[in-house]
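Following: one structure in structure tokens, then a few remarks.
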There are 2 protein chains.
Amino acid sequence: MRHMTTLLYIDAVARAGSIRKAAETLSITSTALNRRLLAIEEDLGVPIFERLARGVRLNSAGELLIHHIRNQISDMDRVRSQIADLAGERRGHITIACSQALLPYLPQQIAAYRREHPGVTFAVFRRDREAAEQALVDHTADLALVFEPIRLAEFQTLLTVRQHVHAMLSRDHPLAARPVVRLRECLDYPIALPTRAYGVRHLMEAALVDSAMSLNPVVESDSFEFLGHQAIAEGIISFQIPIGLPPGGILPNMVSRQIDARDVPSGLIYMGQLRGRTLPVAAARFADLLQKDLETKYECQ
Amino acid sequence: MRHMTTLLYIDAVARAGSIRKAAETLSITSTALNRRLLAIEEDLGVPIFERLARGVRLNSAGELLIHHIRNQISDMDRVRSQIADLAGERRGHITIACSQALLPYLPQQIAAYRREHPGVTFAVFRRDREAAEQALVDHTADLALVFEPIRLAEFQTLLTVRQHVHAMLSRDHPLAARPVVRLRECLDYPIALPTRAYGVRHLMEAALVDSAMSLNPVVESDSFEFLGHQAIAEGIISFQIPIGLPPGGILPNMVSRQIDARDVPSGLIYMGQLRGRTLPVAAARFADLLQKDLETKYECQ
DNA sequence: CGATCTGCTGCAAAAAATGCAGCGGGTAAG
DNA sequence: CTTACCCGCTGCATTTTTTGCAGCAGATCG
């Protein structure tokens, strides 16, 4: 789209924080880029960037403008795929910002969608809750999937899924014989925990806040994959939510057992988008698909 | 705004229905305009206009695109005035599509607003209900003020004002002695009526649908101003709603008397905008002003 | 205090947009 | 059916705009 190049350029400069850096990623000279900025600022009658020694930064007028520009860019993308839809073929690109715990769930959903619409491509980024919401705001993601997010004004919830915390343990573990385990039973054994950045840890700490018990993990990690392996290797207990377990079990000797709901409150997975934005056709359809799938498998609201 | 010229061109062609005509209004050659269209269509990969013998017409892809384009144009206008707002001065242009009956009401409101913000300019067009709603859709109006409109999916109501039909008559008329008159009393005298296109006529016909009485106007017109003059000149009765009466009375010897509410149902004035659109700052503030003023003067909902 | 960034400018080359004249095709009136 | 007219479109020359190169002044950092 010829007429949008200036907009794309401004966006690139805003992201790069420097004209020269942006010019490099755009494969043009800094001269050309600089001149386009000056032209726009003259059109507007006011500067949109502050000039700093280390580069440039949007001023308040620029913030207003960049919002508009990013909307225009994604709107135009949406219109283009709507038009492509008219011609019969669905094309597009869907970007998803997703909490680590939910990453194992997505691949087969994406595969199912792509079987119907091979022209649609995906990008999935692992983002903590805050970064996921920020990604929606700056249009680097169409959809966000997060566990127990900090609610932001810009986040528009499309679906919530209730999830109970499960213990992940080796098939040989004494507690593996029970369908549901109590939290205090788990704490009699050595445990591995995700760091405090994760919702699972958050829920477990909240559960013990009024209790005499405390969490004393022997291993702590920011990787659920590592925690799973560790649990098997050492015969200890780790924790996860069901949606984080890939279908067919994570590891050969691992089983998962729900923690009694009285002990640890359940958490909510949120699927959402940027408030007020009209999603591209493809992203909206994919969100529908996720919603249908999640509703059959879990307790949704 | 340099980068929008192509969009403006496309919009002009869509409105003109012909490349050559549009080129003339844009003060460029048809060649240049034609080439821009071809360039856009190549970018999109599909044509957006059907070529007819008498000119061009949007096809379905074009309809999709023109919607987006008009949104972009007015969005950019909004952003520009937001940026101007940052610099302290409010600028902008407000376009209003308004039923004839409401035209006398607007001037002093506009004057009041312009006293605060001299940088804001206005355009007011007299439009029947249907045309007013259409004006919102194709972005030729920011706000619409209509009496008893046909509700459209695209019309988002901002405010409604209840209005009772009044008889307009000469100060010497026998009925002028009463504060409230009955409809049947009026029909004992010769009357002047607006045509069936107007809400006032509509309400009066609805009132008589189950009655033995009927409306037999001696004069019919599509101009309330004419009807008022006629009522005075000939000593007959015409009809209008209060908001259609300029403050201080229309004509020297004219008085208005409410028709008893049991006889003629009251109607509603609707102020509205295009659904889902974010109005420019200036238009939104002016709508606030109208709302505040109407709420002090009339019964609103 | 030099090294290294930054945004910005003069000038020439490259690219894009524009205008002119004219072609072919369709509609509407004679 | 013919004629006149209006339409969108194209080749070519001209004008306008954009781009790249080289270099400048200013600020930061080691």
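Quick rundown of the values:
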| read-out | value |
| --- | --- |
| Highest-MSF residue in chain A out of A:I191, A:I94, A:I19 [GNM, Cα springs under 10 Å] | A:I19 |
| Rough spin-label spacing in nm, given labels placed 7 Å along Cα→Cβ, for A:E130 and B:Q301 | 4.9 nm |
| Estimated FRET transfer efficiency (A:E24, A:R171; beta-carbon r; R0 60 Å; 0.05) | 0.65 |
| Estimated distance in nm for a label pair at B:K292 and A:A197, the labels positioned 7 Å out from Cα along Cα-to-Cβ | 4.9 nm |
| Accessible area of chain B belonging to carbon and sulfur atoms, whole % at 1.4 Å probe | 49 percent |
| Rg ratio (alpha-carbon, reference 2.2 N^0.38 Å) - the stretch A:76-147 | 1.19 |
| Cβ-Cβ FRET estimate between B:F226 and A:R162, R0 fixed at 56 Å, reported to 0.05 | 0.25 |
| Cβ-placed point charges (K, R +1; D, E -1), dipole of the protein assembly as shown about Cα centre in debye, nearest 20 | 960 debye |
| Chain A: most fluctuating residue of A:L26, A:L52, A:L103 per GNM, C-alpha cutoff 10 Å | A:L52 |
| Listing of the stretch A:32-58 residues, each with accessible area lower by at least 10 Å² in the full protein assembly than in the chain alone (probe 1.4 Å) | A:I40, A:D43, A:L44, A:V46 |
| Exercise: per-residue mean of other protein chain Cβ atoms within 10 Å, A:79-86 | 6 |
| Nearest-20 debye value, the stretch B:165-265 charge dipole, Cβ charges on Lys, Arg, Asp, Glu | 240 debye |
| Helix A:106-116 axis, angle to chain A major axis (alpha carbon atoms, nearest 10°) | 60 degrees |
| Debye, to nearest 20: dipole size of the stretch A:2-66, +1 on Lys, Arg Cβ, -1 on Asp, Glu Cβ | 280 debye |
| Accessible area per residue in Å² at 1.4 Å probe, computed on the protein assembly as shown | 47 Å² |
| DSSP bridge orientation in the stretch B:153-292 - percent antiparallel, rounded to nearest 5 | 75 percent |
| Label-point gap, in nm, between B:S266 and B:E205 - each point 7 angstrom along Cα→Cβ | 2.4 nm |
| q = 0.16, 0.19, 0.25, 0.26 Å⁻¹: log10 I(q)/I(0) that the Debye formula gives for the stretch A:85-125, counting C-alpha atoms only | -0.44, -0.59, -0.87, -0.91 |
| Calculated FRET value between A:V218 and A:A111, using beta carbons and R₀ = 41 Å, to 0.05 | 0.65 |
| Relative frequency of Cα-Cα separations exceeding 13 Å in the stretch A:2-66, percent | 59 percent |
| Relative packing of B:271-279, B:107-115, which averages over residues the other C-beta atoms within 10 Å, highest first | B:271-279, B:107-115 |
| Selected from B:A16, B:A141, B:A87 as most flexible by GNM, with chain B as the system and alpha-carbon contacts under 10 Å | B:A87 |
| All-pairs Cα distance distribution in the stretch B:215-301, expressed in whole percent, bin size 5 Å | 2, 10, 17, 17, 17, 14, 10, 8, 4, 1 |
| List of the stretch A:1-27 residues, accessible area with partners at least 20 Å² below that of the chain alone (1.4 Å probe) | A:M1, A:R2, A:H3, A:L7 |
| Kirkwood-based shape ratio for chain B, expressed as Rg/Rh from alpha carbons | 1.07 |
| Fraction of antiparallel bridges per DSSP, chain B only, in percent to nearest 5 | 60 percent |
| Accessible area buried at the A-B interface, both sides summed, 1.4 Å probe (Å², nearest 100) | 2200 Å² |
| Of all DSSP beta bridges in the protein assembly as shown, antiparallel share, percent nearest 5 | 60 percent |
| Descending principal axes extents, the protein assembly as shown, alpha-carbon based, whole Å | 105, 61, 49 |
| Phi-based couplings in Hz for the stretch A:291-301 (Karplus 6.51, -1.76, 1.60; Gly and Pro marked x) | 4, 4, 5, 5, 5, 6, 9, 10, 8, 10, 9 |
| Degrees between helix A:60-86 axis and first principal axis of chain A (Cα, 0 to 90, nearest 10) | 80 degrees |
| Crossing angle, helix B:199-208 versus chain B [Cα axis fit, 0-90 degrees, rounded to tens] | 40 degrees |
| Alpha-carbon centroid distance for the pair the stretch A:154-182 / the stretch B:243-301, whole angstrom | 60 Å |
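The values are calculated or read from the model by the stated rules, or taken from the named source; none is laboratory data. In this text the structure is predicted, and so the values were computed from the model without any measurement. Backbone-built Cβ (ideal geometry, glycine too); neighbour counts: all protein chains shown. What goes into the accessible areas is simple: the full protein's heavy atoms, side chains included, and nothing from ligands, DNA or RNA. Shrake-Rupley method; radii C 1.70, N 1.55, O 1.52, S 1.80 Å.
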